[in-house]
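S.K.: Structure provided below as structure tokens; questions to follow.
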Amino acid sequence: MTARTFSPARRGVLLAAGAVALVAGAGSAWWFRRPDSAAPAESAGLWALQSERPDGGTLPMAGFRGRPLLVNFWAPWCPPCVEELPMIDAFFGQHGANGWQVVGLAVDKPAAVQKFLGKTPVSFPVGILGLAGLSVVKELGNTAGGLPFTLVLDAAGHVVERKIGQITPVDLQRWATQIRVS
């Protein structure tokens with residue numbers, strides 16, 4: 001096998017193109033990771049969400065920026081979702097005072113969510129996305145659209161964990177210790 005040789009002019013063009021790509025990539029990474037940046041691209045759709053609250057009013061996700069956040073997409077008709085809600089509520093009770101935030105986003109009709117929460121209340125904020133919530137879940141990296149789906153975001157708004165399926169106490173403990181509370 002012989003080595004391919006490039007003319008000095010072509011080599012210069014290739015090196016310049018590589019340098020431009022390197023600088024552009026580094027600049028882009030800095031731009032999206034700087035502390036005062038707008039929403040990271042991976043979670044921009046989440047921060048733009050405004051959902052109906054079961055008790056009336058709206059729940060703007062933008063209000064949760066600035067501190068670690070666990071977002072759980074669930075539905076009353078989803079057995080693993082229902083099973084993990086008390087564990088998520090306990091996590092919120094234990095870590096909320098330390099700066100953690102928890103939001104549940106229900107993927108069902110408002111009447112069904114209200115009825116469920118009337119029997120099984122939680123202490124963290126809940127928003128209702130309706131069945132359109134499945135498209136939100138897909139946009140956030142769960143291409144199958146399965147539930148439950150949990151996102152963990154750091155204080156800067158970056159997604160640091162995506163979990164499709166039921167969470168465990170080990171997951172919650174790991175997130176609580178790995179994510180720094182500002």
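The values are calculated or read from the model by the stated rules, or taken from the named source; none is laboratory data. Model, not experiment: these values are computed from the prediction. No Cβ is skipped: glycine too gets one built from the backbone with ideal geometry, and neighbour counts run over all protein chains shown.
S.K.: When you scan region 154-167, do you find a residue that is surrounded by fewer than 18 Cβ atoms within 10 Å (Cβ to Cβ), without any contact (Cβ under 8 Å) to a residue 12 or more places away in the chain, assigned by TED's automatic domain parsing to the domain that holds residue 90 and more than 17 Å from residue 68 (Cα to Cα), even just one?
M.R.: no
S.K.: Kindly establish whether residue 108 is under 14 Å from residue 53 (Cα atoms) and among the acidic types (Asp, Glu).
M.R.: For residue 108, the condition - under 14 Å from residue 53 (Cα atoms) and among the acidic types (Asp, Glu) - is met.
S.K.: Residue 168 fails exactly one of the following numbered conditions: (1) modelled with pLDDT of 95 or more; (2) polar (S, T, N, Q); (3) closer than 22 Å to residue 48 by Cβ. What is the number of that condition?
M.R.: Failed condition: (3).
S.K.: For region 156-168, state whether one or more residues are small (Gly, Ala, Ser) and either assigned to a helix (DSSP H, G or I) or closer than 19 Å to residue 63 by Cα (or both).
M.R.: Yes, the conditions are met somewhere in region 156-168.
S.K.: Search region 171-182 for residues that are touching a residue at least 24 places away in the same chain (Cβ under 8 Å) and pair each with any residue that is among the acidic types (Asp, Glu) when their beta-carbon atoms are under 8 Å apart and the residues are at least 6 apart or on different chains.
M.R.: Close Cβ pairs (under 8 Å, with a partner that is among the acidic types (Asp, Glu)) amount to 175/161; 179/154; 180/154.
S.K.: Which members of region 116-138 meet the condition of being exposed (fewer than 13 other Cβ atoms within 10 Å of the Cβ) and among the charged types (D, E, K, R)?
M.R.: Hit for region 116-138 is 119, nothing else.
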